[in-house]
Every structure is written in structure tokens, then in C-alpha cells.
Amino acid sequence: MTTCSVGSDKAVLQNWSRVWTAIRQHLMPATLELDFTCDVVDVETGKLALRPFLTEESPYMAKCNIRLARSKNEALRQLAQVAVQRIVCPKMLRNTFRHGRSKHGAPNNNSITFVDLPAEIRLLILGYTDLVAPENEIEWSSYRGWYIRRGSGGNNEAFCCLVHLHPIAEDKSDTSDDAHLPAYKKDNYTRQYCREKLGGRGCFCKSRHTVYSSYSESSCWAPPTPLFLVNSIVRRDALKVFFSRNRIVVWPSESLDHAWERRHSRSHISSFLSEVVPKDALRHLRYLEVVFSEHLKGDELVEWKRTIEGIKPHLVSSSLALKIFFAAGPPDPLHNYYELSRDEEEEEGKEEGEEEKEEEGGASQEEFLESRRHYVNTVLPLQHLRNHLKHLWISVFELPEERSEESVWADCSRELEHTIMGPSYKPPTSDDYKLNGLPKPLFLRTGRWYSDHDCTCFY
């Protein structure tokens with residue numbers, strides 16, 4: 001169905017109820033698998049669309065997907081959940097309202113609730129929820145909140161867009177809701193959008209639409225906000241799992257190309273550490289990667305210093321692996337960079353084989369030193385966290401593992417690391433673990449964002 005409203009589609013929905021009533025009496029219990037899509041504009045219309053399910057007295061379906069809107073709406077999602085729980089047989093979906101009751105319906109004093117379990121068991125169970133993101137990597141920006149990257153650019157199978165772990169992710173049919181968008185890629189390697197199409201029967205991705213599903217395999221990741229709101233015990237456990245088992249990448253904006261357009265008095269990392277991460281969760285923070293579009297200055301730098309001072313008492317000593325990545329490198333005095341004028345570029349394109357043009361001015365030594373001073377000022381507040389940092393990598397324009405011994409950017413990066421951790425500090429590398437026969441740890445992985453940032457593949 002298309003988007004419905006009570007005024008214009010009431011007759012259609014009433015007819016749907018009559019049709020379903022006629023079909024219902026011929027269904028065998030626990031055999032039907034139903035995918036129901038009716039994008040509605042309000043809860044009233046949603047109730048009318050789901051009336052055949054909401055009025056059922058006993059469950060009879062094997063599995064069911066219900067989608068009520070293209071965009072996310074919590075009130076409609078709860079309505080869909082009630083409908084699914086009423087019509088899907090208990091062996092496929094356990095109704096939470098029946099937990100903790102005996103066969104006579106009276107409270108069972110011998111029942112054990114989740115919070116009665118030992119802490120170790122609770123943490124183990126929570127590790128199988130959305131508290132642990134796919135591949136243990138999650139991103140945050142002040143413009144999008146929490147999200148995970150859905151794919152990569154180019155033919156890189158290591159970063160192919162199968163992060164959803166959907167059972168039918170390999171379906172290549174052109175039935176996705178977003179197939180008409182320019183950004184939608186139809187190659188075999190990359191999909192910027194969810195590919196859970198159930199063989200062309202519609203998209204039931206809970207991270208994008210208003211969906212409730214009884215399919216346990218449907219594992220679209222979504223921010224696990226509900227788990228933080230259950231009670232104080234579950235919240236405490238959930239914070240520990242979420243911040244200790246995920247590598248968190250903090251972005252300045254949706255795209256590095258436009259970060260300069262959105263400058264505020266508080267930087268993205270200051271907002272994240274001060275407003276997003278609860279004070280009692282800072283002690284669980286283990287893997288943090290911060291991407292800067294450029295160095296901090298002015299009010300942003302002042303607020304960054306205050307943020308460091310504010311979080312220091314809440315961190316655990318020597319527990320945090322921190323990566324700082326400056327996406328725009330400083331001027332390089334060893335190379336003479338120049339920009340050709342438009343006329344020169346056109347002429348160069350016409351005359352193939354023409355020798356390189358004479359360089360027209362580059363960064364002076366003074367300009368380079370001035371730029372390096374700004375980078376030092378940006379990272380200098382981290383000296384207050386020296387005893388709380390287990391590992392530190394600082395990269396100006398290139399990844400630590402890609403540093404060239406003769407690169408001035410690599411020299412600048414090493415100088416920044418030594419400024420914080422001391423002159424003898426040397427960050428670990430992948431080779432250090434490989435030589436010892438150990439697997440590459442989470443904090444040494446190259447984030448998916450680094451492979452994606454050139455093509456800005458943001459989901």
C-alpha cells in the first residue's frame with residue numbers, strides 16, 4: 001500500500017478488513033508468514049489498517065513483518081509491536097506480558113528476572129544486543145547522532161555493504177525504496193542503503209522505517225536507547241557494554257567537505273564528551289577516534305581545554321586508546337604546492353605531453369611553523385590525560401601505519417604524540433602483534449570511514 005490517511009483511504013482500509021476476515025478463517029495455525037506494509041500518516045490510520053490484527057483473540061501466524069511508515073515514528077512502532085505480538089504464535093515470539101506468571105496466571109514467586117542474574121551473565125547477554133555494533137565500530141556526529149557506516153566506495157570486499165547481516169542481503173533486485181535516488185549504487189560491491197528487501201517484497205529495516213518484526217534474523221542495527229531506560233541496573237550494565245566494546249568514531253559533521261561551514265563555539269568532541277557520554281560512563285570508554293576537519297582555534301579551543309579538565313576525574317587510569325586524525329594536513333615546506341589558474345588548466349589539457357609548468361609559489365617555512373603551532377595547541381590539553389591514555393596515535397593527513405619516514409606530516413604527527421606521551425613513546429603497530437602471533441586488536445583497525453571518506457558514503 002501507499003501512504004494512507006483516514007480521510008482519503010478509509011474506504012480502502014475498511015475493504016482490506018473485510019478481505020482479511022474472509023481469508024482468516026481458512027488459515028492453518030503457525031503456517032503463514034506475512035509481510036504487511038501500509039505507510040500511514042498518523043496513529044488513527046494505523047489502528048484502522050491493523051484492525052484485523054488488533055482484534056485477534058489468539059495468535060495464529062508463524063512470522064510477521066509490519067511496517068507503518070517510511071520514516072521512524074515511535075508511536076506507530078509500538079502499535080505495530082502490539083499487533084505482531086497478538087498474531088504471531090508464542091513459539092516464534094514469546095509475549096513479554098506472559099513472563100513471570102504460572103500456568104494459572106498468578107505471579108510465580110520462583111521466577112528469576114533479568115536483574116536477578118549475576119552481573120557476568122547479564123553482561124554476556126547484553127553483548128548479543130545492539131549495544132555491540134556490527135564489527136564493533138560505531139560513529140557519532142552532532143548532526144546525525146549515533147549511526148553505523150553502511151558501505152564503502154570502490155571494489156573493496158573487506159568493506160562491502162553487508163554490515164546488516166540480513167539473510168537476503170545478496171538480493172540484487174531493483175525493488176529497494178531508494179533505487180530511484182542518484183546515490184543508490186547497483187554494483188555488486190556497494191550499497192549505500194539497506195538491502196533487506198525480502199526477495200522484493202519490501203524493505204523492513206528498523207533503522208530507517210517504522211517497523212516491528214518477529215524475524216529474529218532481521219538485524220539492522222539501531223541505537224540501543226531503550227536498553228538505557230529500563231532501570232538503573234540495566235542502564236549501568238548497558239553503558240559498560242556499549243562504551244567498552246565499541247570503537248567510537250566522532251565526526252565533525254556529515255561530511256568533511258562541509259565541516260568548515262558549521263563552526264560553533266563548542267567543537268564536536270567537546271559536545272560528545274560533555275553532553276553525550278554520561279559522566280558515569282566515561283570510565284568505560286576504551287576505543288575513541290576523533291576526526292578533525294582542521295585544528296581548533298578561538299572559543300572551540302578554550303572549550304576543549306575545559307572539557308578535558310571536566311572529564312579527567314571520571315576516567316580510569318591507563319585504559320583509553322585514543323586516535324586523533326586531522327583530515328587537512330599543514331603546508332609542507334619540502335614540497336612547492338601551487339594551484340593552476342583556470343586558463344592554465346584548460347591550456348594544459350589541450351597540449352598533451354607538455355612539460356610541467358613552473359611552480360608558482362608554495363608554503364613558506366614560516367607558514368608551516370605557524371600551522372604546526374596550531375596543531376600543537378589543539379592536542380596540548382591532552383597532556384592532562386597522559387596517565388589515563390593506554391595508547392595514543394595522532395595523524396596529520398595520513399594513517400599511522402602509512403607514515404613515510406621522509407614525510408613532514410609523519411614527523412609532525414610523531415612530534416605531537418611525543419608532546420603528549422613523552423619523547424620515548426612509540427605507539428604499537430599491527431606488526432608488533434603479528435610477530436607475537438596475536439590477532440590485530442580493535443584499536444589498531446583502520447576504520448571504515450577512512451576507506452569511505454573520499455566518496456562520502458554516509459548512510
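Within the range 297-304, identify whether any single residue is farther than 27 Å from G447 by Cβ, of a type in the set (A, V, I, L, M, F, W, C) and either part of a strand (DSSP E or B) or modelled with pLDDT under 55 (or both), and answer yes or no.
Checked against the condition, which is being farther than 27 Å from G447 by Cβ, of a type in the set (A, V, I, L, M, F, W, C) and either part of a strand (DSSP E or B) or modelled with pLDDT under 55 (or both), the range 297-304 yields no hits at all.
Just to check your reading of the model, which residue among E398, E415, E402 is over 19 Å from W251 (Cα atoms) and modelled with pLDDT under 75?
E402
Would you be able to say whether some residue in the range 216-231 is surrounded by fewer than 20 Cβ atoms within 10 Å (Cβ to Cβ), at pLDDT below 80 and touching a Lys or Arg at 6+ places or on another chain (Cβ under 6 Å)?
Scanning the range 216-231, I find at least one residue that is surrounded by fewer than 20 Cβ atoms within 10 Å (Cβ to Cβ), at pLDDT below 80 and touching a Lys or Arg at 6+ places or on another chain (Cβ under 6 Å), so the answer is yes.
Hey, can you tell me all the residues within the range 29-55 that are touching a residue at least 12 places away in the same chain (Cβ under 8 Å) and exposed (fewer than 14 other Cβ atoms within 10 Å of the Cβ)?
Matches in the range 29-55: P29, T31, E44.
The values are calculated or read from the model by the stated rules, or taken from the named source; none is laboratory data. Because the structure is predicted, anything quoted here is derived from the model rather than measured. Positions of Cβ are generated from backbone atoms using ideal geometry, with glycine treated the same way; all protein chains shown enter the neighbour counts.
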